[in-house]
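Encoded as structure tokens, the structure appears first; notes follow it.
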Amino acid sequence: MKKIISILFFSILIILLCNNSTFAQLSSQVIDSLVQNAIKKFEVAGVAVGIVKDGKIIYEKGFGMKSIETKQLVDVNTNFAIASNSKAFTCAALSILVEEGKLKWTDKVRDFIPEFKMYNDYVTENFTIQDLLTHRSGLGLGAGDLMLFPDGSDFTIDDVVKCFQFFKPVSAFRTQFDYDNQLYLVAGEVIARISKTIYEDFIQNKILKPLQMENSYSSLNRMKDKTNLAIPHSTTSGTIKSMNSFGDQINSAAGGIYSNVHDMSKWMLLLLNHGKHGADLKSQLFTEESLQEMWKIQTVEDANHNPRYNYHFRGYGLGWELTDVKGNLSVSHTGGLPGMLSIVTMIPDLNLGVVILTNTESGGAGVFSAVSQTIIDSYLGLSDFGWTDKYLTYFQSVKNEGDSTTKMVWEKVKNSTTVSFNKNDFVGIYRDNWFGKMEVFEKENQLWIKSYRSPKLTGQLFFYNANTFAIKWNYQDMNCDAFAMFSLDENGKAQIIKMKGISPNMDFSFDFQDLDLQRLKE
């Protein structure tokens, strides 16, 4: 979930090219210093790092604070939201069902969820289990994610499985990578219907318990003791502040699992041991064949050339980004929820895995990128590239660009306060086929807008230009203020609202551009 996914991670690597001399693998003391330096420069509250190598956990440590309010320290068992790193657990769960003979990867989704409907009949009838997992549906980036972001909406899995029919495709079916979350929720529902149990029970009982991931949870509400839970933080306002934990989702299949670096190291060892676990690796969660299916490119992406890593291919498997670095397979994924950013990267050829969990947005992305890349580079025999400073420069330039854009918008709003318009021309109830009703109403002589089904999306409308208003949402945990563009009839009365984000740095999960809000007749 969120823009801090592997697309961004690999794109930045292309930008930051360098030379190739070798240096020694990092000592624990050097890693400690590396992380502490990154925490300070990126202004992150807390970080946890785990490294596995040759079948063992060789490094695990917590840094910083779980909460800037309590000042309690992060340790190796501190739980973070792993966000989209949950997707690999969903694919592993489906692998288990495949091996039990309860489904095939090529089975049609409609065989298990008859009411599932896509944007045309051909795609609906031919959409397979693998299609749910590989970001090649033909839909745009993050289509439907407004049902998840912000948290607190009342959308159900029934809404999700029927929503896709209302979206316009941006590419032909199975031809283009566009990251999505909603189809993973459908995959979670497939697991629930086949197993006759809810997704969260299946993950807890079939994966977390067998691996003795004793302090991991398939959803936040299963964590009865939250004393060792990392609290999300944000630096969007210019200073670091704590936020409420993101609420439970429709199901956890796209991004709802909570874990820690000790347990996630067990997860990486399972994968690097080809599905085997336990004493002397005598137990097997899934087979080598299933692992290879998960680690096989299903959707091809541009590899791009980078002389430091000598990429030849790149693509998405089942819950994993796949590429090659210096002739070695790299298997990775990132995850992001408000104030929670994570990365898991494995180099199977080197029997190496690195997990980094953070609790601050947006600096967490800089920390996990710089620290993980520096550690991996040491095992690849590459020179110290100074990743922390390079990522700091890159992320600061991205922030500055976004801040400049939003500043200009709100300055124009400020200078337009004297513009007069008839508020009654805009007041009314508007409805989108998949998102439901939004109402424009007057409060204290100002125009406001609110969503009926996602109550955190309530905010004031400020005149911007012509028939366009800028919305300042009450919800400010994430950067998601938006434009509302009204279409008027011949009498000047608003009939349609189109929307789009204001900041170029707004997370793609706020897919306002997919809304088509039509005025309801009074």
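The values are calculated or read from the model by the stated rules, or taken from the named source; none is laboratory data. Here the structure is a predicted model, which means the values were calculated and not measured. Cβ placement follows ideal geometry from the backbone for every residue including glycine, while neighbour counts extend to all protein chains displayed.
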* To do: Could you tell me which numbered condition TYR430 fails, if it satisfies all but one of (1) part of a strand (DSSP E or B); (2) surrounded by 21 or more Cβ atoms within 10 Å (Cβ to Cβ); (3) touching a Phe, Trp or Tyr at 6+ places or on another chain (Cβ under 9 Å)?
  => (3)
* To do: Could you list all residues from the stretch 100-137 that are in contact with a Pro (Cβ under 9 Å, 6 or more places away or on another chain) and assigned to a helix (DSSP H, G or I)?
  => VAL123
* Filter result for SER378 (in the same structural domain as GLN249 (by TED's automatic domain parsing), surrounded by 24 or more Cβ atoms within 10 Å (Cβ to Cβ) and assigned to a helix (DSSP H, G or I)) -> no
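Kindly provide the set of residues from the stretch 47-60 that are under 13 Å from VAL371 (Cβ atoms) and surrounded by 24 or more Cβ atoms within 10 Å (Cβ to Cβ), ordered by number.
From the stretch 47-60, those under 13 Å from VAL371 (Cβ atoms) are 47-51, 59; that's our starting set.
Those that are under 13 Å from VAL371 (Cβ atoms) and surrounded by 24 or more Cβ atoms within 10 Å (Cβ to Cβ): VAL47, ALA48, VAL49, GLY50, ILE51.
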* Residues (crowded, with 20+ Cβ neighbours inside 10 Å and not hydrophobic (A, V, I, L, M, F, W, C)) located in the stretch 131-170 -> ASP131, THR134, HIS135, ARG136, SER137, GLY138, GLY140, GLY142, GLY144, ASP145, PRO150, SER153
* Kindly indicate whether VAL419 is at pLDDT 95 or above and among the hydrophobic types (A, V, I, L, M, F, W, C). => no
* Asked: Quick one: which of PHE508, PHE512, PHE469 is touching a Leu at 6+ places or on another chain (Cβ under 6 Å) and closer than 23 Å to GLN165 by Cβ?
  -> PHE508
* Hey, does the stretch 217-234 have a residue that's surrounded by 22 or more Cβ atoms within 10 Å (Cβ to Cβ) and in contact with a helix residue (DSSP H, G or I) (Cβ under 7 Å, 6 or more places away or on another chain)? -> yes
* Return yes or no: is VAL398 in a helix (DSSP H, G or I) and either closer than 26 Å to MET478 by Cβ or of a type in the set (Ser, Thr, Tyr) (or both)? => yes
* Asked: Of the residues that make up the stretch 480-493, is at least one outside the structural domain of SER245 (by TED's automatic domain parsing), crowded, with 19+ Cβ neighbours inside 10 Å and not hydrophobic (A, V, I, L, M, F, W, C)?
  -> yes
* Candidate set: the stretch 346-369, residues that are of a type in the set (Gly, Ala, Ser) and under 19 Å from the mean Cα position of the chain (by Cα); chosen: the one nearest to SER237 (Cα to Cα) -> SER362
* Which one is surrounded by the fewest Cβ atoms within 10 Å (Cβ to Cβ) among residues in the stretch 346-364 that are polar (S, T, N, Q) and over 27 Å from ASP324 (Cβ atoms)? -> SER362
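Report whether or not ALA466 is at pLDDT 95 or above and not hydroxyl-bearing (Ser, Thr, Tyr).
Numbers: at pLDDT 95 or above: no; not hydroxyl-bearing (Ser, Thr, Tyr): yes.
In short, no.
Here is a list: SER369, SER342, SER383. Which entry is touching a helix residue (DSSP H, G or I) at 6+ places or on another chain (Cβ under 9 Å), surrounded by fewer than 22 Cβ atoms within 10 Å (Cβ to Cβ) and of a type in the set (Ser, Thr, Tyr)? Before the answer, list the steps.
Values: SER369 fails: surrounded by fewer than 22 Cβ atoms within 10 Å (Cβ to Cβ); SER342 fails: surrounded by fewer than 22 Cβ atoms within 10 Å (Cβ to Cβ).
After ruling out the rest, the residue left standing is SER383.
Conditions tested, residue by residue: (1) over 25 Å from GLY140 (Cβ atoms); (2) over 21 Å from the mean Cα position of the chain (by Cα); (3) among the small types (Gly, Ala, Ser).
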position	(1), (2), (3)
ASP154	no, no, no
GLN165	no, yes, no
SER195	yes, yes, yes
ASN205	yes, yes, no
* Asked: Any chance the stretch 264-285 includes a residue that's of a type outside the set (D, E, K, R), buried (at least 22 other Cβ atoms within 10 Å of the Cβ) and under 18 Å from LEU132 (Cβ atoms)?
  -> no
* To do: Would you please name the residue that is surrounded by the most Cβ atoms within 10 Å (Cβ to Cβ), looking only at residues in the stretch 462-479 that are under 24 Å from LEU148 (Cβ atoms) and either without any contact (Cβ under 8 Å) to a residue 12 or more places away in the chain or not aromatic (Phe, Trp, Tyr) (or both)?
  => MET478
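It is to be established whether one or more residues within the stretch 347-361 are part of a loop (DSSP other than H, G, I, E, B) and small (Gly, Ala, Ser). Reasoning before the result, please.
Just the residues of the stretch 347-361 that are part of a loop (DSSP other than H, G, I, E, B), to begin with: 351, 359.
With small (Gly, Ala, Ser) added as a condition, the list becomes none.
Within the stretch 347-361 (the criterion being part of a loop (DSSP other than H, G, I, E, B) and small (Gly, Ala, Ser)), the answer is no, since none of the residues qualifies.
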